[in-house]
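As C-alpha cells, the structure follows; a few thoughts come after it.
Bear in mind that the values in this text are calculations on the coordinates, not laboratory data. Computed from a predicted model, the values in this text were never measured in an experiment. Cβ sites come from the backbone with ideal geometry, for glycine too, and all protein chains shown count toward neighbours.
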Amino acid sequence: MESFEVESEETTEKKEEDKNMAVGILVAIIALLCTSSVVPLVDRYEGVPSILRIIWRFELTVLYGFPLSVYYWHKNRKNLDHAKIWTLRTATELFVSSLCFVVADVFFIWSSDYTLVSHSYLLANLGGVFIVLMNLIRFLPVHYLEIFGTIIVVFAGVLCVNDNSSTKTNNQTNIFWGDMVAVACSPLYGLYVVYSDNLLTKLPAMVIIVASFSIQLMLVIPVYVCFSGYENTVSFDPHYGLLGWASEEYLIYSLTFVALLAGVPGIGGYVFPLSYFPPHIVASIFLLDPIVGEVIGVFLGQDNMPGILTYIGTLGVLVGLGLTMRGNLLIKKQQSQKKAQSLPVESLLEEFDTPSSKSPKLSRSMPESLRNI
C-alpha cells in the first residue's frame, strides 16, 4: 500500500513537471517571436536616431506595463516579503540591471544600422555563453555538455560574422564595426537576465519590467536632451521629439505593432521565461532570434537574403544550444540526487510539512549555483 502511494506521488510530481515544462516552452516560443520582431519593427522609424528609438520603445513599455504591474502587485500582495523588497540590495539590483539593459539596447539598435539583423541578434544574444564562462571562472558546477555547446556556439557565431555574401538593402555590407558593437551587448544582456532572475524571487515580473524601464528612461532621456544637439526634443516631432511615437505619422503603428510586440512582450521576453528556466538557458534561447529576425527583416525590405554561412552558423547555434540545455538538465538531476541523499528522512518530512514562505508565483526550482550568480 505504501509502495503504491509513493509511486502515485512520483507520478503526480512527474506530470506536474511535464506540465510546467510545456508551459515554459510555450512562454519561451512566444517570447522568442516577440523579441525577434524588435529590431525590424523599431527600424521602421526611418530617420530617427538610435537612442530615440530606444526611448520610444521604453515609453510604450511603461505606458502599457504600468496598469499590469499594479494588477500583479495587488494580486501577489499577500505573498510579497516587504522586508526583502525595500532594501538597498534590491534597489542596487534594479539599478544595475537597468543600466546594463539600456546600454546594451542602444548598442544593439546601433549595430543593426550597419550589419544584418541576423548578425545583430546572434552576436548580442551570446549572454548564455558569458554566464557559462563566469560559472567556470567561479568554479561552479558546469556539465561538459554545456562547455561543448558553448564552444560550438562560438564557432557558429564566427561563421555568421564571416558571411561576406550577405548585404543590407542600404548597401552596408556585413561591416565589422556593426558586428563588434553587437558582441559588446552580450555580457550586458547576460547580466540583465541574471539580475532579473534574482529579482523574481522578490517581485512579480511585470513590476520588475516597469520599475526597470522607468529607471532606464530616467537615465537615457537626460543624455538625449543634453547631448543630441537637436532642438525641440521635448515635443511630438516624428524625427527628434521624445513623444514622436505619438505623432500623426507613427501613432497607430506605435500603439499596435511596436507596443504589442516589441514593447512589453519583447522586453518581457527576457524575464518571463525565467520562471521556468535558469538564466543561461534563457539567454541562450534567444540565439534562435536570427532565424525569425532575418525573416522579418527580409519581409520588411530591410535586408537581402543571407548567404550559406549564415544558415550553417545558425544551425550550429541550434546544436550548441541543445547541448547546453541537455547539460543543464543533467546538472539539475545530479544536484537533486545529492541533496536527497544528504538530507535525513526527518528533514525531508519537515520540508514537506512546512509551507513555503515564498509565493508559488515568485519562486522556481533552480540549481543553487545559478541562483547565486
So how do LYS332, LYS78 line up by other beta-carbon neighbours within 10 Å, fewest first? LYS78, LYS332
Stretchable slack from ASP113 to SER247, in nm (0.36 nm times residue separation minus alpha-carbon distance): 45.9 nm
Treating only the Cβ of Lys, Arg, Asp and Glu as charged (+1, +1, -1, -1), what charge dipole size does region 13-99 show about its Cα centre? Round to the nearest 20 debye. 280
How long are the semi-axes of the equivalent ellipsoid of region 87-158, taking √(5λ) for every eigenvalue λ of the Cα gyration tensor, in whole Å from largest down? 24, 24, 6
Likely footprinting exposure, TRP245, TRP110, fewest C-beta neighbours within 10 Å first: TRP110, TRP245
Sort THR35, THR90 by Cβ crowding within 10 Å, fewest neighbours at the top. THR90, THR35
